[in-house]
Amino acid sequence: MKILVVRFSSLGDVILTTGVIKYLKTAYPDLTVDVLTYTHFSGVFFKNPYINKVLQIDKKSGFRKYLNFIQKNINDYDHIFDLHSKLSSIILKFFTSAGYHKYKKDSLKRRLFVKYGKFGGSLQEHVIQRYFKPFQKVFDMDTPSDEDLRPVIYPNNLYENLSGTVTVHPFASKKTKEWPFFTELIDELVKRGEKVNIIGDTFFEYNHANVNNFSGKTDLQEMFDIIKQSRSLITTDSGPMHVGIAGETPVVAIFGPTTKEFGFYPVFSNCSVLEIDGL
């Protein structure tokens, strides 16, 4: 049997698909699994032994080019598992005879929770379990533990001598998710004699002999490798948080407006969340 798993973005969401795929392939080793994602995030699946092929589409591609792409490439699958549930993934079902299955996004419930505080309890199910449910309907599998669905990455060992370091990711995808005290945190780590790595897509101003400032200088694979080699990762609720989880690096996640009800919290072993209860 040949299946296609679809998740276009963002970094953390794409990473979270990998544990589900690993669990599925472990149970059904003869299954052929391809994935479809944006080119920018294709590195998530680098060297992944559970994946046959990565189909990539540029996020900036126009709709016509995207339609041409899927007409040429989405034609020989038995099942398509849509783990994004947006227009560009939903239309796949009209271009193939494959069985189409999508995960329950609960977008309306999340909006109502943010505005009115409704449905909080039902939303606490981690997104990896929601990702898994469409597969469970097709394949004969019991419900796994969250740890069984822990995501995985396979870094390329591009850096040396980073073991024992503390990596800090002081950025977030939204201003409301940022934490304003990372400079002071790094000051304290340096004062305690820690060797620190700073990572992120943009530059973070900090200079010290005990600080490797990689911010604004690394690609996805390099960032994976830095986190994997580190003793621990301190981060906001962001893509690198999920990288740390997948690389089994101990993670301290600083949560601002994010809550467990959004379903993306680090539920796995060796992960801690810092947040203020009741906000």
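Bear in mind that the values in this text are calculations on the coordinates, not laboratory data. Note that the structure is a prediction, hence the values are computed from the model and not measured. Note: ideal-geometry Cβ built from the backbone for every residue, glycine included; neighbour counts use all protein chains shown.
If R0 equals 45 Å, the separation of the Cβ atoms of SER61 and GLU188 corresponds to a calculated FRET efficiency of about 0.50.
Can you compute the FRET efficiency between TYR28 and LYS72 using 1/(1 + (r/R0)^6), with r the Cβ-Cβ distance and R0 = 30 Å? Round to the nearest 0.05. Spell out each step's value before the answer.
Numbers: r = 27 Å, r/R0 = 0.90.
Calculated value: 0.65.
Neighbours of LEU31 by Cβ distance under 9 Å: Lys/Arg scored +1, Asp/Glu scored -1, total +1.
Among THR202, THR249, the order by Cβ neighbours within 10 angstrom, fewest to most, reads THR202, THR249. Entry note, the chain: the mean residue ellipticity at 222 nm calculated from DSSP H runs of n ≥ 4, each adding -39500 (n - 2.57), is -9000 deg cm²/dmol after division by the residues and rounding to the nearest 500.
Summarising the label geometry, the points placed 7 Å from Cα in the beta-carbon direction at SER9 and LYS105 lie 1.3 nm from one another.
Note down the net charge around ASP142, summing +1 for each Lys or Arg and -1 for each Asp or Glu among other residues with Cβ under 15 Å from its Cβ. Around ASP142, the surrounding residues sum to -2.
For Cα extents along the principal axes in Å, which listed value, (1) 108, 50, 28; (2) 61, 45, 38; (3) 96, 32, 25, comes from the coordinates shown? Of the listed options (1) 108, 50, 28; (2) 61, 45, 38; (3) 96, 32, 25, (2) comes from this structure. Taking chymotrypsin sites (Phe, Trp or Tyr not before Pro) across the range 165-225, the ones in a DSSP loop with at most 13 further Cβ atoms lying within 10 angstrom of their Cβ are PHE181, PHE203. Within the chain, what's the longest run with no trypsin sites (Lys or Arg not before Pro) in a DSSP loop and at most 10 other beta-carbon atoms within 10 Å? Give the range, please. The answer is 61-191. Measure up LYS174/LYS217; LYS2/LYS72; LYS25/LYS47; LYS105/LYS133; LYS65/LYS104 against 19 Å on the Cα-Cα distance and list the ones that go over. Flagged as over cut-off: LYS174/LYS217; LYS65/LYS104. Sequentially through the range 29-41, phi angles give Karplus couplings (6.51, -1.76, 1.60; θ = phi - 60°) of x, 7, 6, 9, 10, 10, 10, 10, 8, 5, 3, 4, 9 Hz, Gly and Pro residues having no value and appearing as x. Exposed loop sites were defined as GluC sites (Glu not before Pro) in DSSP loop states (anything but H, G, I, E or B) carrying at most 11 other C-beta atoms within 10 Å; in the chain the longest segment without such a site runs 1-159.
Just subtract the alpha-carbon distance of ILE91 and ASN157 from 0.36 nm times their residue separation and send over the number in nm, one decimal.
That works out to 19.9 nm of additional length.
Neighbour counts of C-beta atoms inside 10 Å place ILE80, ILE91, ILE15 in the sequence ILE91, ILE80, ILE15, starting with the fewest. Taking GLY99, GLY244, GLY19 in turn, the Gaussian network model of the chain (Cα-Cα springs below 10 Å) assigns the largest fluctuation to GLY99.
Counting only Cβ charges, +1 for Lys and Arg and -1 for Asp and Glu, the dipole size of the range 166-274 around its Cα centre is about 140 debye.
Classify the range 30-95 as rounded, prolate or oblate, taking a ≥ b ≥ c as the square roots of the eigenvalues of its Cα gyration tensor: rounded when a/c is under 1.5, otherwise prolate if a/b is larger than b/c and oblate if not.
On the way: a/c = 1.83, a/b = 1.25, b/c = 1.46.
Oblate shape, in that a/c is at least 1.5 and b/c is the bigger or equal ratio.
Taking a ≥ b ≥ c as the square roots of the Cα gyration tensor eigenvalues, with a/c under 1.5 meaning rounded and otherwise prolate when a/b beats b/c, else oblate, which class fits the range 140-279?
Numbers: a/c = 1.90, a/b = 1.28, b/c = 1.48.
It is oblate, given that a/c is not under 1.5 and a/b is not larger than b/c.
Reducing the range 6-24 and the range 59-90 to their Cα centroids gives an inter-centroid distance of 16 Å.
Mind running the shape call on the range 2-149? Use the C-alpha gyration tensor, a ≥ b ≥ c as the square roots of the eigenvalues: rounded below 1.5 for a/c, prolate if a/b tops b/c, oblate otherwise. It would help to have the intermediate numbers written out before the result.
Details: a/c = 1.66, a/b = 1.20, b/c = 1.38.
It comes out oblate by the Cα gyration axes.
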